[in-house]
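Encoded as structure tokens, the structure appears first; notes follow it.
FYI, it's all coordinate maths here, none of it is from the lab. Owing to the predicted nature of the structure, the values given are computational and were not obtained by experimental measurement. Glycine gets a Cβ as well: all are built from the backbone with ideal geometry, and neighbour counts include every protein chain shown.
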Amino acid sequence: MKTRHTTLLGVEPVAVELDRDGSLLFSSLQAAFPGASALYRYQSASDASSNVESKRSQQRKMYVKFDGRRFHLPSTNGTNGPYNSDNSSEYFVQLNVCPNAARTDRFSHASKQFERSVQLVQHMMDSIGDSPTQASSPSITTQPTKLSPLEHQFADLSQIIQGKDVIIEKQREELQKLISELESASEKVKLLEEGDLAELGSRCSLQEQELEMFRSMSREQTSMSDEVRRVTGRLREVERLCDERVDEMGAKLRDKEATISGLEKEKTKLAEEKAEEQRRQ
């Protein structure tokens with residue numbers, strides 16, 4: 001019986017700096033070990049065996065808690081106490097066992113998204129219900145049934161391109177129709193605006209004439225008010241002068257009346273004296 005020789009291979013240990021809370025960022029682990037996906041350790045063995053392989057066969061693999069961004073390494077003082085790294089524990093890195101799994105997932109996701117796009121375009125073509133889509137579909141469906149995935153994707157892509165051309169042509173026709181309607185509407189609006197502008201211009205000219213007439217009347221009224229105020233002032237001044245003249249003439253008249261009264265009294269006295277002398281003779 002041929003004996004099989006084996007050897008033990010390992011990766012050189014790397015010291016990775018932890019955060020203050022004792023956690024290890026996933027980015028730091030990826031920088032030290034590209035392709036790493038998890039971090040684990042073995043529970044401490046009860047026996048003191050020095051054989052590492054036998055020791056690991058008797059232990060359980062314990063994965064380190066991962067929250068999506070960082071690994072939370074266990075502390076020797078418990079979870080509630082201050083962090084103290086457990087240097088006695090030996091941690092191991094789990095590498096991605098299937099490097100092409102991510103590519104396969106990405107390809108599967110892209111294929112599903114492509115199928116959804118094809119279904120969406122087909123739904124749009126069915127909703128439009130145009131004849132070129134129905135005429136173009138037999139050219140694709142009459143292809144051989146056994147097609148490779150790439151050929152099938154190319155066939156779907158050609159169908160999408162044809163449907164896209166039909167949709168673009170339909171939208172171009174609708175756009176041209178909207179442009180013509182917009183031009184006719186703009187012409188109608190222009191005619192209406194021209195008529196409205198002419199009417200508004202005539203109204204504005206009439207209102208401008210009325211406003212100018214009101215302004216002239218206001219200016220005339222202002223000048224007349226000034227003239228009335230000036231004449232009123234002159235009349236008041238004439239009245240004051242007349243009152244003063246009347247007072248002066250009244251004073252002179254009173255003086256003359258007093259003089260005449262005194263003369264009459266003297267005349268009466270002289271007449272009495274003369275009559276008295278005649279009686280005495």
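Cross-link partners of Lys252 among aspartates and glutamates, defined as those whose alpha carbon lies under 15 angstrom from its own and excluding same-chain residues fewer than eight positions apart: Asp243, Glu244. Seen from Leu197, the other residues with C-beta closer than 12 Å to its C-beta sum to a net charge of -2, counting Lys and Arg as +1 and Asp and Glu as -1. Counted by Cβ distance under 14 Å from Arg245, the other residues give a net charge of -4, where Lys and Arg count +1 and Asp and Glu count -1. Comparing Thr232, Phe214, Cys204 along the charge dipole axis of the range 150-281, the residue lying farthest to the positive side is Thr232, per the Cβ-charge model. The aspartates and glutamates within cross-link reach of Lys190, meaning a Cα-to-Cα straight distance under 16 Å and a gap of 8 or more places when in the same chain, are Glu181, Glu199. Normalised Debye scattering of the range 172-281 at q = 0.24 Å⁻¹ gives log10 I(q)/I(0) of -1.17, counting only Cα atoms as equal scatterers and leaving out solvent.
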